[in-house]
Amino acid sequence: MLEVRNLTRRFGDVTAVDDATFSVPGGVMTGFVGGNGAGKTTTMRMIMGVLGITAGRVGWDGREITTADRRRFGYMPEERGLYPKQRVIDQLAYLGRLKGMDAGAARRTVMDHLERFGLAERAKDRVQELSLGNQQRVQITAAVMADPAALILDEPFSGLDPAAVDAMADLLRDHTARGVPVLFSSHQLDLVERLCDRLVVLKGGRVLAEGTAADLQSRGPRLVRLVLDGDAGWVRDRPGVRVADLDRTTVVFEPADADAADAVLRDALHRGRVEAFAPVIPSLNDVYLEMTK
Amino acid sequence: MSPWAIVTRREVLVRLTDKAFIIGTLIFMALLLGVTGWAAYQDSGVDHYEVASTPADRAMVASLEANAPEVDGSVRVSAVAVADASAARAALADGRVDAWLHRRGDGWELLTQSETKTSLFDATQQVVRGAVVAANARAAGTTAEAIQRGATVTSRLVEGNVDRENLGRAAGMIFAFVFYLSSLMFGVQLAGSVVEEKQNRIVEIIASAIPVRHLLAGKIIGNTLVAMLQVVVYIAVGLVGLSFTSYGTYVPELTGPVVWFFAFFLAGFVALASLWAVAGALASRMEDLQATTTPLTLMVMVMFFGSLLFQGTARVIASFAPPFSAVLMPIRIVEQDASAWEALIALTLLLAFTLVTILVGERLYRRSLLQSGGRVGLRAAWSAPE
């Protein structure tokens, strides 16, 4: 488990990350969301130790993280590229060796990953000869090849087509399956909703929320949607109910409690036919927009 | 394998397989071989002369044919027998012979068609004089040796000799030029490779995997190894080429100065390499490199031109002052102007300087390497938090 506690980073007068606290538990994927300038990259760089920490700390397995711990992490920086003129296999093997793998093992692992991505025959190509999507596959290989103890990935899915996203998501799930914590940032909320077990929402350097998608969705008002065969205007006059939206036969209301909602349903059945009666689950996007407003 | 050794290995392999590097090295080697080869060809050039002789003068021309190579190693004479004076003039006119040696009045005349053959004339003059003096001596009942006894004049220089001085000056220029070329070429490459890593963010992956100090050490050691290898090849090619010229006898004598040159090159190169790495780390993009490397480019140029332009006391002082000593002291050594203890003092000072640049360079590199977004000022880099 990776723990970020009261992490703060200031650049001169600007506070890029402000007292951020959250956890990245093992075995699940944690999505790190927030707009541009929210502090995602700065936080990840501090976790990886490539940027100094102004205040706060990063914990690993219940203690202060060390350089040796970080060395076992897989990291994919933002705005990345590799050595453009070096061959794919050579530079991945090089990075593997820097991570402590021996030369033979590094080459084998690299070839396994390239095969998985259908890139085996491009192993001897120079990185600059690959398409951007393929370069990204090479970069993720660099992050995951050495059986990392944790994965810190900055926008790993940006610029990938849907099939590539699925392939990469499968790869990441392999790592969560063996208990590895994975933190990845993204501004594509639909993707995060689909792939992540947990979310951390960042805005202006502060953590706004942390939890599962359902946790976040349940934080807003509990709304109920009722569709009748006749006019639904009478709902406004019921006690213990606040109407959020009314469109002739359809009404969205916020009941004070479960009893108030039941009373509305009983009344509706009494008055005529009920087409639908269901809780309104806001999309993560709506929750996020509401939260970061 | 230690991280720095892995980085070193990559730097060496990348450099050795770089086409521009290979081509540049081959061109410079070809240039060296060309220059020494041309000099050797010039030295080994032997001039052949056909010299006509009429029956009366056969003996003298035969003597010239036999003795000319002894007098001047580059002169070979073949005697060509002609019937008489008019046949000799005809042979001269149509170019069958280069000269006609014949008795004229009280002495001898070397007749050539339209140009004076200086080397042939000098050789002829000596051979004829020797033969005539020997004949005269015999006639007077003595020997040529007896007549010439005590008349020999030899020349000797109080200091060194001209050939050795010229060679020293030339070798010194080559030392300075090789240092200039290597440190500039490798320096710019090194700075470029640092900023390439920064720009591609691969440095963040590396920095999270190994200590930044190891990355810097690997880059400096790798580039230094390749630069040394290149210089060793250059010097070896140069010395082998030189051994085929008339300066060949000095090759063993140059071994000492060459070893000193390597020592100074190594110390000077490493000192500058750590600064070039800093210049790369201060930039964020290739476009910034021009600005961050200019002070170093200027320094290397001042070192090079200073080594050529400094005179007298200034030159002696500069030959002890790092970083100038890296270039100037080996020049003074090869010019036989500096003694071993002077070289040792200069090398010690240079090594101390190198140590300082490594320590300063390491701090600046470490603190600016992971800063992105525009150029990093020196002061900001020095005092930046880690």
What do you reckon, is A:R57 out of contact with any Lys or Arg (no Cβ under 7 Å at 6 or more places or on another chain) and part of a strand (DSSP E or B)? no
Yes/no for A:G27 being out of contact with any His (no Cβ under 8 Å at 6 or more places or on another chain), exposed (fewer than 15 other Cβ atoms within 10 Å of the Cβ) and either modelled with pLDDT under 95 or within 14 Å of chain B (Cβ to nearest Cβ) (or both): yes
Filtered residue count, the range A:170-227, keeping only those that are crowded, with 19+ Cβ neighbours inside 10 Å and at positive phi: 1
Condition met for B:V231 (surrounded by 15 or more Cβ atoms within 10 Å (Cβ to Cβ), modelled with pLDDT of 90 or more and among the β-branched types (V, I, T)): yes
Those residues that are closer than 27 Å to A:M1 by Cα and outside any helix (DSSP H, G or I), I need them from the range A:122-151; list them, please. A:M145, A:A146, A:D147, A:P148, A:A149, A:A150, A:L151
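Yes/no per residue for (1) within 14 Å of another protein chain (Cβ to nearest Cβ); (2) under 30 Å from A:Y83 (Cα atoms):
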residue: B:K198; (1), (2): yes, yes
residue: B:I205; (1), (2): yes, yes
residue: B:L215; (1), (2): yes, yes
residue: B:T224; (1), (2): no, yes
residue: B:V251; (1), (2): no, no
residue: B:F261; (1), (2): no, no
Within the range A:194-205, is there a residue that is in contact (Cβ under 8 Å) with a residue 24 or more places away in the chain, over 30 Å from A:D166 (Cβ atoms) and out of contact with any Cys (no Cβ under 7 Å at 6 or more places or on another chain)? yes
Would you point out the residue of the range A:60-92, among those that are over 17 Å from A:E3 (Cβ atoms) and part of a strand (DSSP E or B), that is nearest to the other protein chains (Cβ to nearest Cβ)? A:Y75
What are the residue pairs meeting all of these: first residue in the range B:227-246, first residue over 16 Å from B:L26 (Cα atoms), second residue modelled with pLDDT of 90 or more, Cβ atoms under 8 Å, and 6 or more apart or on different chains? B:L239/B:V258
For the range A:104-145: of the residues being more than 14 Å from chain B (Cβ to nearest Cβ) and touching a Ser or Thr at 6+ places or on another chain (Cβ under 8 Å), which is surrounded by the most Cβ atoms within 10 Å (Cβ to Cβ)? A:V110
Taking only the range B:37-73 into account, find how many residues are within 20 Å of B:T249 (Cα to Cα) and among the hydroxyl-bearing types (S, T, Y). 2
If you scan the range B:179-200, which residues turn out to be surrounded by fewer than 23 Cβ atoms within 10 Å (Cβ to Cβ) and either out of contact with any helix residue (DSSP H, G or I) (no Cβ under 6 Å at 6 or more places or on another chain) or outside any helix (DSSP H, G or I) (or both)? B:L181, B:M185, B:V188, B:Q189, B:G192, B:S193, B:E196, B:Q199, B:N200
Would you be able to tell me the number of residues in the range A:51-79 that are surrounded by 22 or more Cβ atoms within 10 Å (Cβ to Cβ) and in contact with a helix residue (DSSP H, G or I) (Cβ under 6 Å, 6 or more places away or on another chain)? 5
Check whether at least one residue in the range B:161-177 is part of a loop (DSSP other than H, G, I, E, B), touching a helix residue (DSSP H, G or I) at 6+ places or on another chain (Cβ under 8 Å) and modelled with pLDDT under 85, and report yes or no. no
Considering the range B:1-38 alone, what residues qualify as being within 14 Å of chain A (Cβ to nearest Cβ), within 19 Å of B:S182 (Cβ to Cβ) and surrounded by 20 or more Cβ atoms within 10 Å (Cβ to Cβ)? B:T8, B:E11, B:V14, B:R15
Would you confirm, using the coordinates I've provided, whether B:A52 is loosely packed, with under 15 Cβ neighbours inside 10 Å and more than 14 Å from chain A (Cβ to nearest Cβ)? no
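The values are calculated or read from the model by the stated rules, or taken from the named source; none is laboratory data. Predicted, not measured: the structure shown is a model, and the values here were computed from it. We place every Cβ from the backbone using ideal geometry, glycine too, and count neighbours over all the protein chains shown.
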